[in-house]
Amino acid sequence: MKLRFTKMQGAGNDFVVIDATQAPVHLSHGQIQHIANRFFGVGCDQLLMVESTDTAGVDFRYRIFNADGGEVEQCGNGARCFVRFVVEKGLTHKREIKVETASGVITLMLQDDGQVTVNMGAPRFIPAQIPFETDAQASTYELPLAHDTVTISAVSMGNPHAVMLVENVHTAEVASLGPQIESHPRFPQRVNAGFMQVLNAHEINLRVYERGSGETLACGTGACAAAVSGIQLGTLQSPVKVHTRGGILTIQWAGDGAPVMMTGPAEIVFDGEIEI
(Lines give C-alpha, C1' and ligand atoms only; values in the text may rest on other atoms or scores of the structure.)
Protein backbone atom coordinates (compact mmCIF):
# COMPACT_ATOMS: atom_id res chain seq x y z
CA MET A 1 0.00 0.00 0.00
CA LYS A 2 0.97 3.63 -0.44
CA LEU A 3 1.26 5.56 2.81
CA ARG A 4 1.30 9.33 3.14
CA PHE A 5 3.59 10.70 5.86
CA THR A 6 5.23 13.84 7.18
CA LYS A 7 8.90 13.89 8.21
CA MET A 8 9.48 16.06 11.30
CA GLN A 9 12.28 16.80 13.76
CA GLY A 10 12.58 18.26 17.24
CA ALA A 11 16.13 19.17 18.26
CA GLY A 12 17.42 16.58 15.79
CA ASN A 13 15.22 13.77 17.13
CA ASP A 14 13.45 12.81 13.88
CA PHE A 15 10.05 11.28 13.24
CA VAL A 16 7.75 9.94 10.56
CA VAL A 17 4.24 11.18 11.43
CA ILE A 18 1.15 9.45 10.05
CA ASP A 19 -2.40 10.83 10.13
CA ALA A 20 -4.70 7.97 11.14
CA THR A 21 -7.61 10.16 12.26
CA GLN A 22 -9.82 9.39 9.23
CA ALA A 23 -9.05 5.68 8.85
CA PRO A 24 -7.05 3.27 11.01
CA VAL A 25 -3.50 2.47 9.92
CA HIS A 26 -2.11 -0.91 10.94
CA LEU A 27 1.61 -1.49 10.48
CA SER A 28 3.60 -4.61 11.30
CA HIS A 29 6.95 -4.54 13.12
CA GLY A 30 8.62 -5.22 9.78
CA GLN A 31 6.85 -2.36 8.02
CA ILE A 32 7.80 0.09 10.78
CA GLN A 33 11.41 -1.10 10.65
CA HIS A 34 11.40 -0.57 6.87
CA ILE A 35 10.02 2.98 7.17
CA ALA A 36 12.56 3.81 9.89
CA ASN A 37 15.50 2.43 7.92
CA ARG A 38 17.72 5.33 6.80
CA PHE A 39 19.01 3.48 3.72
CA PHE A 40 15.94 1.68 2.35
CA GLY A 41 13.06 3.66 3.87
CA VAL A 42 12.38 7.21 5.04
CA GLY A 43 14.57 7.12 8.14
CA CYS A 44 13.53 8.11 11.66
CA ASP A 45 14.12 7.53 15.35
CA GLN A 46 10.41 6.95 15.96
CA LEU A 47 7.17 6.63 14.00
CA LEU A 48 4.28 8.67 15.43
CA MET A 49 0.63 7.80 14.84
CA VAL A 50 -2.04 10.52 15.14
CA GLU A 51 -5.38 8.93 16.00
CA SER A 52 -8.84 10.16 17.01
CA THR A 53 -10.18 9.34 20.47
CA ASP A 54 -13.53 8.91 22.20
CA THR A 55 -12.13 9.90 25.60
CA ALA A 56 -13.99 12.92 27.01
CA GLY A 57 -11.91 16.10 27.26
CA VAL A 58 -9.11 14.69 25.09
CA ASP A 59 -8.39 15.88 21.54
CA PHE A 60 -6.27 13.08 20.05
CA ARG A 61 -4.61 9.76 20.73
CA TYR A 62 -0.82 9.64 20.35
CA ARG A 63 1.02 6.36 19.65
CA ILE A 64 4.81 5.98 19.42
CA PHE A 65 6.77 3.19 17.73
CA ASN A 66 10.55 2.91 18.02
CA ALA A 67 12.75 2.16 15.03
CA ASP A 68 12.77 -1.54 16.00
CA GLY A 69 8.98 -1.65 15.57
CA GLY A 70 8.11 -1.84 19.27
CA GLU A 71 5.44 0.46 20.71
CA VAL A 72 6.47 2.61 23.68
CA GLU A 73 4.66 4.78 26.19
CA GLN A 74 6.01 8.28 25.70
CA CYS A 75 8.28 10.54 23.62
CA GLY A 76 8.72 14.19 24.58
CA ASN A 77 10.29 15.47 21.36
CA GLY A 78 7.65 13.56 19.44
CA ALA A 79 4.92 15.20 21.52
CA ARG A 80 6.12 18.63 20.42
CA CYS A 81 6.09 17.53 16.79
CA PHE A 82 2.63 16.04 17.35
CA VAL A 83 1.01 19.37 18.26
CA ARG A 84 2.81 21.19 15.43
CA PHE A 85 1.54 18.52 13.00
CA VAL A 86 -2.14 18.64 14.01
CA VAL A 87 -2.18 22.46 13.87
CA GLU A 88 -0.26 22.77 10.58
CA LYS A 89 -2.40 20.06 8.92
CA GLY A 90 -5.66 21.69 10.02
CA LEU A 91 -6.73 18.83 12.29
CA THR A 92 -7.40 21.36 15.07
CA HIS A 93 -7.58 25.12 15.49
CA LYS A 94 -6.55 24.95 19.15
CA ARG A 95 -3.13 26.12 20.31
CA GLU A 96 -3.38 23.98 23.43
CA ILE A 97 -4.50 20.36 23.18
CA LYS A 98 -4.80 17.33 25.41
CA VAL A 99 -3.43 14.10 24.03
CA GLU A 100 -3.96 10.54 25.22
CA THR A 101 -0.82 8.38 25.40
CA ALA A 102 -0.14 4.86 26.65
CA SER A 103 1.11 6.40 29.92
CA GLY A 104 -1.70 8.95 30.43
CA VAL A 105 -2.93 12.31 29.16
CA ILE A 106 -0.45 15.12 28.44
CA THR A 107 -1.05 18.78 27.56
CA LEU A 108 0.71 20.35 24.57
CA MET A 109 0.94 24.11 23.90
CA LEU A 110 2.08 25.68 20.61
CA GLN A 111 3.71 29.06 21.27
CA ASP A 112 3.52 32.05 18.89
CA ASP A 113 7.23 31.72 18.05
CA GLY A 114 6.80 28.09 16.95
CA GLN A 115 8.33 26.64 20.11
CA VAL A 116 6.23 24.03 21.88
CA THR A 117 5.72 23.56 25.61
CA VAL A 118 4.64 20.15 26.88
CA ASN A 119 3.24 19.40 30.32
CA MET A 120 4.87 16.00 30.79
CA GLY A 121 3.17 15.26 34.10
CA ALA A 122 4.87 14.51 37.40
CA PRO A 123 7.95 12.27 37.41
CA ARG A 124 7.74 8.93 39.21
CA PHE A 125 10.49 7.69 41.49
CA ILE A 126 8.82 4.63 43.07
CA PRO A 127 10.79 1.70 41.62
CA ALA A 128 7.74 -0.44 40.81
CA GLN A 129 6.28 2.43 38.78
CA ILE A 130 9.42 2.91 36.63
CA PRO A 131 9.71 -0.21 36.59
CA PHE A 132 13.05 -0.93 38.28
CA GLU A 133 13.93 -3.87 40.50
CA THR A 134 15.56 -2.89 43.80
CA ASP A 135 15.19 -3.64 47.51
CA ALA A 136 14.33 -0.05 48.51
CA GLN A 137 13.80 3.36 46.92
CA ALA A 138 16.84 5.64 46.93
CA SER A 139 18.11 8.76 45.20
CA THR A 140 20.86 6.75 43.43
CA TYR A 141 21.53 3.07 42.76
CA GLU A 142 24.61 0.99 41.97
CA LEU A 143 24.17 -0.89 38.70
CA PRO A 144 26.69 -3.66 37.91
CA LEU A 145 27.67 -3.95 34.24
CA ALA A 146 29.95 -6.36 32.38
CA HIS A 147 33.24 -4.74 33.39
CA ASP A 148 32.20 -1.94 35.74
CA THR A 149 29.59 -0.69 38.20
CA VAL A 150 27.90 2.63 37.49
CA THR A 151 25.83 4.93 39.71
CA ILE A 152 22.44 5.91 38.30
CA SER A 153 19.27 7.73 39.21
CA ALA A 154 16.08 5.94 38.11
CA VAL A 155 12.93 7.85 37.14
CA SER A 156 9.89 7.45 34.94
CA MET A 157 8.65 10.24 32.69
CA GLY A 158 5.93 7.98 31.38
CA ASN A 159 8.80 5.77 30.19
CA PRO A 160 11.79 4.45 32.16
CA HIS A 161 15.08 6.36 32.43
CA ALA A 162 18.44 5.67 34.04
CA VAL A 163 20.57 8.82 34.38
CA MET A 164 24.27 8.78 35.20
CA LEU A 165 26.64 11.69 35.80
CA VAL A 166 29.73 11.88 33.58
CA GLU A 167 32.63 14.32 33.50
CA ASN A 168 32.37 14.91 29.76
CA VAL A 169 29.55 13.73 27.47
CA HIS A 170 31.82 13.94 24.43
CA THR A 171 34.13 11.25 25.80
CA ALA A 172 31.47 9.23 27.67
CA GLU A 173 31.29 5.55 26.71
CA VAL A 174 27.74 5.82 25.35
CA ALA A 175 28.22 3.22 22.61
CA SER A 176 29.43 0.53 25.04
CA LEU A 177 27.58 1.38 28.27
CA GLY A 178 24.29 2.43 26.65
CA PRO A 179 23.27 -1.04 25.40
CA GLN A 180 24.26 -2.66 28.70
CA ILE A 181 22.13 -0.25 30.71
CA GLU A 182 19.24 -0.37 28.20
CA SER A 183 18.88 -4.15 28.52
CA HIS A 184 19.88 -4.52 32.17
CA PRO A 185 17.78 -7.23 33.88
CA ARG A 186 16.82 -4.87 36.72
CA PHE A 187 14.79 -2.89 34.17
CA PRO A 188 12.17 -5.47 33.07
CA GLN A 189 10.83 -3.22 30.28
CA ARG A 190 14.32 -2.03 29.28
CA VAL A 191 15.34 1.59 29.87
CA ASN A 192 16.58 4.79 28.23
CA ALA A 193 20.16 5.48 29.34
CA GLY A 194 21.09 9.14 29.92
CA PHE A 195 24.65 10.49 30.22
CA MET A 196 24.60 13.91 31.92
CA GLN A 197 27.40 16.45 32.31
CA VAL A 198 26.60 19.31 34.71
CA LEU A 199 27.91 22.67 33.43
CA ASN A 200 26.38 24.83 36.17
CA ALA A 201 23.25 24.88 38.35
CA HIS A 202 21.01 25.70 35.37
CA GLU A 203 22.76 24.02 32.44
CA ILE A 204 23.75 20.51 31.36
CA ASN A 205 25.05 18.58 28.37
CA LEU A 206 23.19 15.35 27.65
CA ARG A 207 23.44 12.26 25.46
CA VAL A 208 20.81 9.52 25.54
CA TYR A 209 20.92 5.93 24.34
CA GLU A 210 17.24 5.32 23.69
CA ARG A 211 15.45 2.04 24.23
CA GLY A 212 14.84 0.42 20.84
CA SER A 213 16.48 3.19 18.80
CA GLY A 214 20.09 3.54 19.98
CA GLU A 215 21.67 6.94 20.56
CA THR A 216 19.60 9.82 19.17
CA LEU A 217 20.46 13.49 18.67
CA ALA A 218 17.96 14.45 21.37
CA CYS A 219 15.49 12.83 23.76
CA GLY A 220 12.74 14.94 25.31
CA THR A 221 11.79 12.60 28.13
CA GLY A 222 15.51 11.99 28.66
CA ALA A 223 16.06 15.73 29.09
CA CYS A 224 13.22 15.83 31.61
CA ALA A 225 14.59 12.82 33.49
CA ALA A 226 18.11 14.25 33.62
CA ALA A 227 16.96 17.67 34.86
CA VAL A 228 14.66 16.14 37.46
CA SER A 229 17.38 13.78 38.69
CA GLY A 230 19.87 16.66 39.01
CA ILE A 231 17.36 18.81 40.89
CA GLN A 232 16.58 15.94 43.26
CA LEU A 233 20.29 15.41 43.92
CA GLY A 234 20.78 19.12 44.62
CA THR A 235 23.22 19.68 41.75
CA LEU A 236 20.70 21.53 39.53
CA GLN A 237 18.05 24.22 39.96
CA SER A 238 14.99 24.89 37.79
CA PRO A 239 14.89 25.98 35.01
CA VAL A 240 17.49 23.76 33.38
CA LYS A 241 18.83 24.36 29.87
CA VAL A 242 19.63 20.98 28.31
CA HIS A 243 22.17 20.95 25.48
CA THR A 244 21.71 17.91 23.26
CA ARG A 245 23.60 17.13 20.07
CA GLY A 246 20.54 18.26 18.10
CA GLY A 247 19.53 21.41 19.96
CA ILE A 248 18.49 22.99 23.25
CA LEU A 249 15.54 22.06 25.46
CA THR A 250 14.39 23.99 28.53
CA ILE A 251 13.03 22.01 31.49
CA GLN A 252 11.15 23.45 34.47
CA TRP A 253 10.19 21.48 37.58
CA ALA A 254 8.99 22.85 40.93
CA GLY A 255 9.65 19.67 42.90
CA ASP A 256 7.82 16.61 44.25
CA GLY A 257 4.32 16.18 42.84
CA ALA A 258 4.68 19.04 40.34
CA PRO A 259 4.52 18.47 36.58
CA VAL A 260 7.61 18.77 34.41
CA MET A 261 7.35 21.46 31.71
CA MET A 262 9.48 21.01 28.59
CA THR A 263 9.94 23.68 25.89
CA GLY A 264 11.73 23.23 22.60
CA PRO A 265 11.51 23.32 18.79
CA ALA A 266 9.38 21.24 16.42
CA GLU A 267 9.73 21.50 12.65
CA ILE A 268 8.22 19.94 9.55
CA VAL A 269 10.96 18.75 7.18
CA PHE A 270 8.92 17.42 4.24
CA ASP A 271 5.79 15.52 3.21
CA GLY A 272 5.99 12.33 1.20
CA GLU A 273 4.54 8.97 0.23
CA ILE A 274 6.09 5.52 0.61
CA GLU A 275 4.99 2.16 -0.76
CA ILE A 276 5.15 -0.62 1.82
### Residue-wise HN-Hα coupling along segment 150-159, computed from phi with Karplus coefficients 6.51, -1.76, 1.60 (Hz; x: Gly, Pro)
10, 9, 10, 9, 10, 8, 10, 10, x, 9
### Query
segment 5-22 to segment 47-81: how many Å between their Cα centroids?
10 Å
### Message
Given an 8 Å cut-off on Cα distances and at least 6 residues of separation, report the relative contact order of the chain as a percent.
### Response
22 percent
### Query
Using Cα pairs under 8 angstrom and six or more residues apart, how large is the relative contact order of segment 118-267, in percent?
22 percent
### Task
Compute the acute angle (0 to 90°) between the alpha-carbon long axis of helix 76-88 and the principal axis of greatest extent of the alpha-carbon atoms of the chain; round to the nearest 10°.
20 degrees
### segment 139-191, relative contact order [Cα under 8 Å, separation at least 6], %
26 percent
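Antiparallel versus total DSSP beta bridges in segment 151-211: what percent is that, nearest 5?
Restricted to segment 151-211, the bridges split so that about 70 percent are antiparallel.
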### Task
Just read off the accessible area of D59 with the full protein assembly in place, 1.4 Å probe, to the nearest 10 Å².
40 Å²
### Query
For the chain, what is the Kirkwood estimate of the hydrodynamic radius, computed as the reciprocal of the mean inverse distance between distinct Cα atoms, to one decimal in Å?
18.7 Å
### Query
Along its principal axes, what span do the Cα atoms of segment 74-152 show, with the longest given first and each in whole Å?
51, 24, 18
### Task
Pull out a ≥ b ≥ c, the square roots of the eigenvalues of the alpha-carbon gyration tensor of segment 218-276, then state rounded if a/c is under 1.5, prolate if not and a/b is larger than b/c, and oblate in the remaining case.
prolate
#### Entry: Per-bin percent of Cα-Cα distances, segment 146-188 [10 Å]
23, 60, 17, 0
### Query
When the solvent-accessible surface of protein heavy atoms is calculated with a 1.4 angstrom probe, in what order do T221, T134 fall, highest first?
T134, T221
### Query
For the chain, what % of the accessible area comes from carbon and sulfur atoms, probe 1.4 Å?
48 percent
### Message
How large is the accessible surface of E73 in square angstrom, using a 1.4 angstrom probe and rounding to the nearest 10?
### Response
40 Å²
### Query
What do you get when you divide the Cα radius of gyration of segment 1-130 by 2.2 N^0.38 Å, with N the number of residues?
1.04
#### Entry: Convex hull (Cα only) mean projected area of segment 93-228, reported in nm² to one decimal
9.4 nm²
### Summary
Tilt, helix 220-233 to longest principal axis of the chain (alpha-carbon atoms), in degrees rounded to tens, equals 30 degrees
### Task
Would you calculate, for the chain, the mean residue ellipticity at 222 nm contributed by helices, counting each DSSP H stretch of 4 or more residues as -39,500 (n - 2.57) and dividing by all residues, to the nearest 500?
-5000 deg cm²/dmol
### Message
Let me make sure I get this right: for segment 159-213, a, b and c are the square roots of the gyration tensor eigenvalues over alpha carbons, sorted descending. Under 1.5 in a/c it's rounded, otherwise prolate if a/b > b/c, else oblate. Which is it?
### Response
prolate
### Query
Which ³J(HN,Hα) values in Hz, rounded to whole numbers, follow from the phi angles of segment 108-121 under the Karplus curve 6.51 cos²θ - 1.76 cosθ + 1.60, where θ = phi - 60° and Gly and Pro get x?
10, 10, 8, 7, 4, 8, x, 5, 10, 10, 10, 7, 8, x
## Note on the structure
From the Cα centre of segment 227-255 to that of segment 107-161, the distance in Å is 12 Å
### Message
Sort R38, R211 by heavy-atom solvent-accessible area, probe 1.4 angstrom, most to least.
### Response
R38, R211
### Heavy-atom accessible area per residue - segment 1-123, 1.4 Å, Å²
42 Å²
#### Entry: Area of K98 that stays accessible when all protein chains are in place (1.4 Å probe, Å², to 10)
90 Å²
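The values are calculated or read from the model by the stated rules, or taken from the named source; none is laboratory data. Here the structure is a predicted model, which means the values were calculated and not measured. We work out accessible area using only protein heavy atoms, side chains counted, and drop any ligands, DNA or RNA first. Shrake-Rupley method; radii C 1.70, N 1.55, O 1.52, S 1.80 Å.
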